[in-house]
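Take a look at the structure below.
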Amino acid sequence: MSRGKLIVLEGLDGAGTTSQAKRLCEALSARGISNHLTRQPSDGPVGKLLRQMLTGNHMMPDGSKPHQDMFGLLFAADRMDHIQREVEPALAAGAVVVSDRWYHSSFAYQGTDADAAWIQVLNQRARVPDLTLFLRVAPEVAAHRRMLAGRVQELFEDLPMQQRVAAGYDRVNAALAARERIDVLDGEQSIDAVWQGIWARTAELLQLPA
């Protein structure tokens, strides 16, 4: 049995990574290709804590937000648990693992306030994806999409923070391009146009008919 591939979708909140990751797995299933859809934060114990914190349900006693250093540690811990508990077993079984976010998010989000080099050290043992698809959208466009979807604003989703994160993603993508494949797609195109770009690159990776 051949080992599976890890495909990651990345981008700002509102870029469409969640819906496109689901669509990718549906397309793989329709072609009889074993796949596994997952996300970060994960659905494991650390990931569940992170989701509570991101929705504002875990504040400090004085009402302040948790420090970015804390998030950096928790995201790295969740990522290693996620890899061992869920991702690696699926890859070993030959499945294509599609993850909505990976360590690129930590570099872009926690790297804006916490020490970027330290965040990289925390994640240096995380598996490098076979393909990362970054859906680039302007922070203002992403914010408008979140509003239309009726989403409750999470920590880090105010516009100034998202603008810093967008710049962080650009730095991360440029820095990592020498060691891994990161394809940047125009996430402001129509949903179907973005999907066509995702599928073309996936088909190329998996050597499938486009």
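Some notes on this structure:
Here is a yes/no grid of residues against (1) farther than 23 Å from LYS65 by Cβ; (2) of a type in the set (Asp, Glu); (3) outside any helix (DSSP H, G or I):
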site: GLN162; (1), (2), (3): no, no, no
site: TYR169; (1), (2), (3): no, no, no
site: GLU204; (1), (2), (3): yes, yes, no
site: PRO209; (1), (2), (3): yes, no, yes
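- Among the candidates ARG125, ARG85, ARG79, ARG51, residue that is outside any helix (DSSP H, G or I) and among the charged types (D, E, K, R): ARG125
- In region 110-156, residue modelled with the highest pLDDT [restricted to those that are among the aromatic types (Phe, Trp, Tyr) and open to solvent by 20 Å² or more (accessible area, probe 1.4 Å)]: TRP118
- Listed conditions (1) open to solvent by 60 Å² or more (accessible area, probe 1.4 Å); (2) in contact (Cβ under 8 Å) with a residue 24 or more places away in the chain are all met by MET53, apart from (1).
- Some residue of region 173-185 being more than 19 Å from the chain's Cα centre (by Cα) and acidic (Asp, Glu): no
- Taken over region 136-160, the criterion of being of a type in the set (A, V, I, L, M, F, W, C), in contact with a helix residue (DSSP H, G or I) (Cβ under 9 Å, 6 or more places away or on another chain) and in a helix (DSSP H, G or I) is satisfied by ALA142, ALA143, LEU159.
The values are calculated or read from the model by the stated rules, or taken from the named source; none is laboratory data. Because the structure is predicted, anything quoted here is derived from the model rather than measured. Positions of Cβ are backbone-derived with ideal geometry, glycine not excepted, and every protein chain shown enters the neighbour counts. Heads up: the accessible areas ignore ligands, DNA and RNA and are worked out on the full protein's heavy atoms, side chains in. Shrake-Rupley method; radii C 1.70, N 1.55, O 1.52, S 1.80 Å.
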